[in-house]
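Single-structure report; data block below.
The values are calculated or read from the model by the stated rules, or taken from the named source; none is laboratory data. Keep in mind that what you see is a predicted model, and the values were worked out from it rather than measured. All Cβ positions, even for glycine, are placed from backbone atoms using ideal geometry, and neighbour counts span all protein chains on display.
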Amino acid sequence: MKSVILAICFILSLSIVAFAQNSNGVDMATELRESGKIYVVVMVLAVIFIGIAIYLFSIDNRLKKIEKQK
């Protein structure tokens with residue numbers, strides 16, 4: 001129950017932060033988009049995310065093997 005309440009508070013705080021931002025746009029993001037480097041940034045983030053996901057799945061598999069041994 002605490003985790004659900006915490007998740008709801010987190011989502012609400014993100015929405016408040018999103019409304020607080022101005023709509024002028026971010027100069028750095030605009031510059032990256034114009035030069036095409038935004039795709040490099042997106043790919044690096046995707047590789048990092050995939051690496052973390054693979055690492056977590058491998059840890060989960062190891063823990064399952066250890067639990068079966070006991």
For T30, which of the numbered conditions (1) within 19 Å of the chain's Cα centre (by Cα); (2) at pLDDT 75 or above; (3) among the hydroxyl-bearing types (S, T, Y) fails to hold? (1)
Being part of a helix (DSSP H, G or I) and at pLDDT below 75, is that true of even one residue in segment 43-63? no
Could you list, in sequence order, all residues of segment 30-59 that are charged (D, E, K, R) and loosely packed, with under 10 Cβ neighbours inside 10 Å? E34
